[in-house]
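The block underneath contains the structure these notes are about, expressed in structure tokens.
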Amino acid sequence: MGYRVAVVGATGNVGREMLAVLGEREFPCEEVAAVASSRSTGMDVEFGDTGRVLKCRNLEHFDFAGWDIALFAAGSAASREYAPKAAAAGCVVIDNSSLYRMDPDVPLIVPEVNPD
């Protein structure tokens, strides 16, 4: 069984790197969605070196229901608006922005510091 993973900010450098690492590490993805702003809707994004190409979906209209993990690499403004919506839909949100960094209610995950 694989995970359904949405990469938010998929057309930016960090989002592209997230897609590359998912592919490189052969993360067990059943489905991957490249999600970005309306400017990037319809753009093709490579899923690492897997040979798969993903068509970008519009973040404003993306339904996170049924997705297991959302990797956010779109900046604090996008995280502020859409991360709570993804979490409310039952998606585990991993945000790369600084928005929640000092929030005591949001766990900071740094593998070298708190691997458990």
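Determine, for each peptide in 65-78, 37-50, 101-114, the mean count of other beta carbons within 10 angstrom over its residues, then list the peptides with the highest first. Spell out each step's value before the answer.
Details: 65-78: 18.9, 37-50: 14.6, 101-114: 8.3.
For the peptides 65-78, 37-50, 101-114, the packing ranking is 65-78, 37-50, 101-114.
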Can you give the net charge of the other residues whose Cβ lies under 10 Å from the Cβ of Val53, counting K and R as +1 and D and E as -1?
-> 0
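Could you please report the charge total around Ala36, scoring K, R as +1 and D, E as -1 over all other residues with beta-carbon less than 11 angstrom from its beta-carbon?
Details: positive: Arg16, Arg39, Lys55, Arg57; negative: Glu60.
My count for the surroundings of Ala36 gives +3.
Given the -39500 (n - 2.57) contribution per DSSP H run of 4+ residues, what per-residue ellipticity at 222 nm results for the chain, rounded to the nearest 500 deg cm²/dmol?
Values: 2 runs with 25 residues, N = 116.
That comes out to -7000 deg cm²/dmol.
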What spacing in nm lies between the two simple spin-label points modelled at Arg80 and Val92, each 7 Å away from Cα in the Cβ direction?
-> 2.8
Where only C-alpha atoms are counted, convex hull volume of the chain per residue in Å³ = 113
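Roll a 1.4 angstrom probe over the protein heavy atoms and tell me the percent of accessible area of the chain that is carbon or sulfur. Walk me through the intermediate numbers first.
Details: 3670 of 7140 Å².
Reported share for carbon and sulfur atoms: 51 percent.
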Could you grab the relative contact order for region 1-101? Cα pairs under 8 Å, six or more apart, rounded to a whole percent.
-> 28
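The values are calculated or read from the model by the stated rules, or taken from the named source; none is laboratory data. Bear in mind that the values here come from a model prediction, so they are computed numbers and not experimental data. Cβ sites come from the backbone with ideal geometry, for glycine too, and all protein chains shown count toward neighbours. The accessibility values were calculated without ligands, DNA or RNA, using every heavy atom of the protein model including side chains. Shrake-Rupley method; radii C 1.70, N 1.55, O 1.52, S 1.80 Å.
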